[in-house]
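Trainee: Quick one: the structure is below, and I'll ask about it shortly.
The values are calculated or read from the model by the stated rules, or taken from the named source; none is laboratory data. Keep in mind it's a predicted model, so treat the numbers as computed, not measured. Note: ideal-geometry Cβ built from the backbone for every residue, glycine included; neighbour counts use all protein chains shown. These area figures cover heavy atoms from the full protein model, side chains too; ligands, DNA and RNA do not enter into them. Shrake-Rupley method; radii C 1.70, N 1.55, O 1.52, S 1.80 Å.
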Amino acid sequence: MTIVIGFEGSANKIGIGIIKDGEVLSNPRRTYITPPGQGFMPSDTARHHRGVILTVLKEALEEAGLKPADIDCVAYTKGPGMGAPLVTVAIVARTVAQLWGKPLLGVNHCIGHIEMGRLITKANNPTVLYVSGGNTQVIAYSERRYRIFGETIDIAVGNCLDRFARVIKISNDPSPGYNIEQMAKKGKRYVELPYTVKGMDVSFSGILSYIEEAANKMLSADQCTPEDLCFSLQETVFAMLVEITERAMAHCGSQEVLIVGGVGCNLRLQEMMGVMCQERGAKLFATDERFCIDNGAMIAQAGWEMFRSGHVTQLDDSWITQRYRTDEVEVTWRD
């Protein structure tokens, strides 16, 4: 029996989760929410995390019915992410590991998403679409690495959606992406937007620039509604993601797709990916907002896999990094 506690705080979510041999014992989380039209600054986000992290830690232990002595390993997000929030969480994880006398383990955020998705859905060897506010990658496992087959060449899909939300002042509560999804359901007119797929890669900055410039002009001229723009943006960017995922599946001979990351809980994206999978005779796997959105349990689960295969992070090496690619990590826990 191995019990791992995981600390996640790479962006505006702060979460602490506890995993015992594949079972989620607790997974409390808080979100830093800013007013409509605003993003979240690293320093303000870190201040928010500092204010609540000990409360969340207490909740995680109480919900799991555990004491510090029961924990076998302390895992934390090493990167990628925003510098100040990452540092805040890493300092607390380091301190806790030393106070409790437990080994420490730095985890790649992206691999946390993948391993949590595999645990919850029981997908065997899927082609992974990882879509969030900071990352957009199509990934497949091969020879002890999660290989990146395609990715964004500029901004992430979640960042594109979030920044569009700011343009038309959509609320950030509970998240801009969720509110765009609800508004898109009421959209009736498709507005043509740039569609940019370059081989296995995608680009979202041009779409964002176009819609940022066109949105207020079109809305003020009554050419469309905010709901129409939300619908059009979703349909365009999700079609691009389905295209590159299908191409990666064909290359790998894969019959499974796993969607992970915060944007992955969008039901329209799941629906579009599901149609593609059905046409190919493949199977789609996805999780809900408990595990798609950044959370502590995903770091605990990746940490559990790593710890059981012999990984430990020495205190001298327990730094954070804002840039930490998925394919930099040797995946020693898979065949």
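Trainee: For the chain, just list the percent of Cα-Cα distances falling in each 20 Å bin from zero outward, please.
Mentor: 33, 56, 11, 0
Trainee: Oh, and also: Using the charge dipole of region 125-290 (Lys, Arg: +1 at Cβ; Asp, Glu: -1 at Cβ; taken about the Cα centre), state which of Asn172, Val191, Val138 has its Cα farthest towards the positive end.
Mentor: In region 125-290, that residue is Val138.
Trainee: How do Phe307, Phe204 rank by accessible surface area computed with a 1.4 Å probe, from largest to smallest?
Mentor: On the way: Phe307 55, Phe204 0 Å².
Most to least solvent-accessible, the answer reads Phe307, Phe204.
Trainee: When Lys and Arg each count +1 and Asp and Glu each count -1, what net charge do the other residues less than 12 Å away from Arg50, Cβ to Cβ, add up to?
Mentor: Numbers: positive: Arg30, Arg47; negative: Asp44.
Spelling it out: positives minus negatives among the neighbours equals +1.
Trainee: Students often check this: by mean Cβ neighbours within 10 Å, which of 269-277, 36-44 ranks highest, and how do the rest follow?
Mentor: Going from most to least packed, we get 269-277, 36-44.
Trainee: Provide the percentage of antiparallel DSSP beta bridges, counting only those with both residues in the chain; round to the nearest 5. Show your work: numbers first, answer last.
Mentor: Details: 25 of 43 bridges.
Roughly 60 percent of the DSSP beta bridges within the chain come out antiparallel.
Trainee: If the rule is a partner Cβ under 4.7 Å, which cysteines in the chain fail it?
Mentor: Lone cysteines by the Cβ rule: Cys73, Cys110, Cys160, Cys224, Cys230, Cys252, Cys277.
Trainee: Let me ask you something else. Near Lys188, which lysines are there with a Cα under 27 Å away, not counting those fewer than 8 places off in the same chain?
Mentor: Lys169, Lys217
Trainee: A further question on this structure: Could you do me a favour and compute the accessible area per residue for region 125-290, 1.4 Å probe, result in Å²?
Mentor: Values: 7180 Å² over 166 residues.
Roughly 43 Å² per residue, with all protein chains present.
Trainee: About its Cα centre, what dipole magnitude does the chain give when the only charges are +1 on Lys and Arg Cβ and -1 on Asp and Glu Cβ, stated in debye to the nearest 20? List each step's numbers first, then the result.
Mentor: Details: 34 positive and 39 negative charges, 72 e Å.
Computed about the Cα centre, the dipole is about 340 debye.
Trainee: Return the carbon/sulfur percentage of the accessible area of region 103-168, one whole number, probe 1.4 Å, all protein chains in place. Mind dumping the intermediate values first?
Mentor: Working: 760 of 1950 Å².
Accessible surface attributable to carbon and sulfur in region 103-168 totals 39 percent.
Trainee: Given +1 on the Cβ of Lys and Arg, -1 on the Cβ of Asp and Glu, and no further charges, what dipole in debye does region 166-213 carry about its Cα centre, rounded to the nearest 20? Could you put the intermediate results ahead of the total?
Mentor: On the way: 7 positive and 6 negative charges, 52 e Å.
So the dipole magnitude of region 166-213 works out to roughly 240 debye.
Trainee: Towards the positive end of the charge dipole of the chain, with charges on Cβ (+1 Lys, Arg; -1 Asp, Glu), say which of Ile153, Gln98, Cys277 has the farthest Cα.
Mentor: It is Gln98, whose Cα lies furthest towards the positive end.
Trainee: To continue, here is another question. By the scheme Lys and Arg +1, Asp and Glu -1, what is the net charge of all other residues having a beta-carbon under 14 Å from that of Asn124? Walk me through the numbers before you get to the answer.
Mentor: Details: positive: Arg118, Lys122, Lys283, Arg334; negative: Glu115, Glu256, Asp335.
Summing Lys and Arg as +1 and Asp and Glu as -1 gives +1.
Trainee: Arrange the peptides 208-215, 298-305, 114-121 so that the one whose residues have, on average, the most other Cβ atoms within 10 Å appears first. Write out the running numbers ahead of the final one.
Mentor: Working: 208-215: 16.1, 298-305: 32.0, 114-121: 23.8.
With the highest mean Cβ count within 10 Å placed first, the list reads 298-305, 114-121, 208-215.
Trainee: For each pair in Lys13/Lys102; Lys13/Lys198; Lys20/Lys67; Lys122/Lys198; Lys13/Lys185, compute the distance between the two Cα atoms and list the pairs where it is over 20 Å. Provide the component values of the computation, followed by the final result.
Mentor: Values: Lys13/Lys102 25 Å; Lys13/Lys198 32 Å; Lys20/Lys67 14 Å; Lys122/Lys198 32 Å; Lys13/Lys185 26 Å.
Lys13/Lys102; Lys13/Lys198; Lys122/Lys198; Lys13/Lys185, as the Cα separations exceed 20 Å there.
Trainee: Whole-Hz Karplus ³J(HN,Hα) for region 146-152, in order, using 6.51 cos²θ - 1.76 cosθ + 1.60 and θ = phi - 60°, x for Gly and Pro?
Mentor: After applying 6.51 cos²θ - 1.76 cosθ + 1.60, I find 8, 7, 8, 8, x, 7, 6 Hz.
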